[in-house]
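These notes concern the structure reproduced below.
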Amino acid sequence: MSGERPRLGEFDPGVPNIARMYDYYLGGKDHYEADRARAEEAIVADGTLVTLIKENRAFLGRAVRYLAEQGIDQFLDIGTGLPTQQNVHQIAQSVNPDARVVYVDYDGQVVAHGRALLADSAGTRMVQADLRRPREILDHPEVRRSLDFSRPVALLLVATLHFVPDADDPTAIMAELRDALAPGSHLTLTHASADGVPDVVAKVVEVYKQTSAPGTARTREQVTGLFGDFELLDPGLVWAPLWRPERPVSMQEALPIWFYAGVGRKS
């Protein structure tokens with residue numbers, strides 16, 4: 001395994017890639033030996049990790065459906081990862097066939113797969129851009145052609161921001177993205193927590209240090225700050241399984257799923 005990480009967006013099958021590892025957790029087929037080996041190390045570090053990833057994906061589905069049902073018909077999904085089942089456009093367009101979705105990722109493999117998947121999908125686009133440079137996303141021609149920022153947009157950053165280190169100032173990144181959105185827009189995110197099961201989280205973070213994007217777990221206060229002045233919708237910032245679940249979920253069941261999840265609205 002190479003000890004050197006590839007440059008942003010560069011393809012290197014020898015360096016464990018977070019998108020391909022995520023694909024492995026979800027039972028996909030787009031991963032390599034290095035990805036599988038590192039993913040298995042993470043699973044050993046946290047025996048509930050696969051369940052956590054699936055719960056994160058389930059939250060995304062519930063949130064997108066809720067927003068579409070509220071009349072939101074524009075979605076900007078940053079850090080989308082490799083295509084899998086029940087993608088954002090499939091869920092949103094099942095509610096409103098005219099919903100428009102733009103997927104953004106910096107990873108060239110993700111973008112290539114996304115474009116192939118979306119070739120025949122109306123109202124969807126896939127662009128390559130870097131979250132660390134939000135203006136690159138906001139000014140991207142495909143984004144501007146697809147989304148009308150004078151109307152409400154649903155901004156999605158699901159299992160993405162914990163891969164932005166403090167040195168890149170995620171607070172400032174989010175402020176710039178939020179400021180570009182019209183009133184009535186929503187921010188949906190999940191983020192690895194430093195609060196719930198810190199020993200387990202620390203072990204997983206250690207595994208991810210030797211991947212394409214090391215992770216940074218953050219506290220409830222830090223994650224709440226990423227919403228800025230957006231009003232958190234009920235039930236607030238909670239463990240992912242507790243956000244408007246489709247069945248009763250106890251705190252004991254939810255706590256090992258150490259991702260905070262929330263949806264906020266811009267007044």
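May I ask you to list the residues in region 228-267 that are among the hydroxyl-bearing types (Ser, Thr, Tyr), in contact (Cβ under 8 Å) with a residue 12 or more places away in the chain and part of a loop (DSSP other than H, G, I, E, B)?
Listed by number, the list holds a single entry, Ser267.
For region 155-190, a residue qualifies if it is part of a strand (DSSP E or B) and either of a type in the set (Asp, Glu) or in contact with a Gly (Cβ under 9 Å, 6 or more places away or on another chain) (or both), and the qualifying residues are Leu156, Leu157, Val158, His186, Leu187, Thr188, Leu189, Thr190.
In this entry, Arg144 is excluded by the filter for residues that are over 27 Å from Ala68 (Cβ atoms) and of a type in the set (D, E, K, R).
So, Ile18, is that one surrounded by 17 or more Cβ atoms within 10 Å (Cβ to Cβ) and modelled with pLDDT of 95 or more or not? It is false that Ile18 is surrounded by 17 or more Cβ atoms within 10 Å (Cβ to Cβ) and modelled with pLDDT of 95 or more. Across region 110-121, the qualifying residues are those that are buried (at least 18 other Cβ atoms within 10 Å of the Cβ) and of a type outside the set (A, V, I, L, M, F, W, C), and the one among them that is farthest from Pro16 (Cα to Cα) is Gly114. Taking the conditions (1) of a type outside the set (A, V, I, L, M); (2) in a loop (DSSP other than H, G, I, E, B); (3) in contact with a Gly (Cβ under 9 Å, 6 or more places away or on another chain); (4) within 24 Å of Ala42 (Cβ to Cβ) in turn, Gly196 satisfies each one other than (3). Evaluated against (1) in contact with a Pro (Cβ under 7 Å, 6 or more places away or on another chain); (2) modelled with pLDDT of 90 or more; (3) more than 30 Å from Gly184 (Cα to Cα), Glu33 falls short on exactly one condition, (1).
Residues in region 104-129 that are outside any helix (DSSP H, G or I) and not hydrophobic (A, V, I, L, M, F, W, C): Asp105, Tyr106, Asp107, Asp120, Ser121, Gly123, Thr124, Arg125, Gln128.
With the structure loaded, tell me whether Arg132 is outside any helix (DSSP H, G or I), in contact with a helix residue (DSSP H, G or I) (Cβ under 8 Å, 6 or more places away or on another chain), within 29 Å of Arg218 (Cα to Cα) and not hydroxyl-bearing (Ser, Thr, Tyr) or whether it fails that test. For Arg132, the condition - outside any helix (DSSP H, G or I), in contact with a helix residue (DSSP H, G or I) (Cβ under 8 Å, 6 or more places away or on another chain), within 29 Å of Arg218 (Cα to Cα) and not hydroxyl-bearing (Ser, Thr, Tyr) - is met.
Which residue out of Leu67, Leu60 is within 22 Å of Pro183 (Cβ to Cβ), in a helix (DSSP H, G or I) and out of contact with any helix residue (DSSP H, G or I) (no Cβ under 6 Å at 6 or more places or on another chain)? That would be Leu67, the only listed residue that is within 22 Å of Pro183 (Cβ to Cβ), in a helix (DSSP H, G or I) and out of contact with any helix residue (DSSP H, G or I) (no Cβ under 6 Å at 6 or more places or on another chain).
Pairs linking a residue in region 121-136 that is farther than 14 Å from Leu76 by Cβ to a residue that is at pLDDT 95 or above and in a loop (DSSP other than H, G, I, E, B), with Cβ atoms under 7 Å and 6 or more positions apart or on different chains, are Arg132/Val164. Of all residues assigned to region 40-47, none qualifies as being farther than 25 Å from Val164 by Cα, over 18 Å from the mean Cα position of the chain (by Cα) and either at pLDDT 95 or above or of a type in the set (Asp, Glu) (or both).
When Ala202, Ala217, Ala182, Ala194 are checked against the criterion of being more than 19 Å from the chain's Cα centre (by Cα) and farther than 30 Å from Asp98 by Cα, Ala202 stands alone in meeting it. Contact map, region 157-186: residues that are closer than 21 Å to Ala240 by Cα paired with residues that are polar (S, T, N, Q) and surrounded by 14 or more Cβ atoms within 10 Å (Cβ to Cβ), Cβ distance under 7 Å, separation 6+ or inter-chain. Pairs shown: Val158/Asn56; Val158/Thr188; Val158/Thr190; Ala159/Asn56; Ala159/Thr190; His162/Thr216.
Of all residues in region 97-113, at least one satisfies being more than 27 Å from Trp243 (Cβ to Cβ), among the aliphatic types (A, V, I, L, M) and in contact with a strand residue (DSSP E or B) (Cβ under 7 Å, 6 or more places away or on another chain). Within region 140-154, restricting attention to residues that are of a type outside the set (A, V, I, L, M) and part of a loop (DSSP other than H, G, I, E, B), the residue that is farthest from Phe230 (Cα to Cα) is His140. Among the criteria (1) surrounded by fewer than 20 Cβ atoms within 10 Å (Cβ to Cβ); (2) under 16 Å from the mean Cα position of the chain (by Cα), the one Leu131 does not fulfil is (1).
The values are calculated or read from the model by the stated rules, or taken from the named source; none is laboratory data. Keep in mind that this is a model prediction, so the values were computed, not measured. Glycine also receives a Cβ, built like all others from the backbone with ideal geometry; neighbour counts cover every protein chain displayed.
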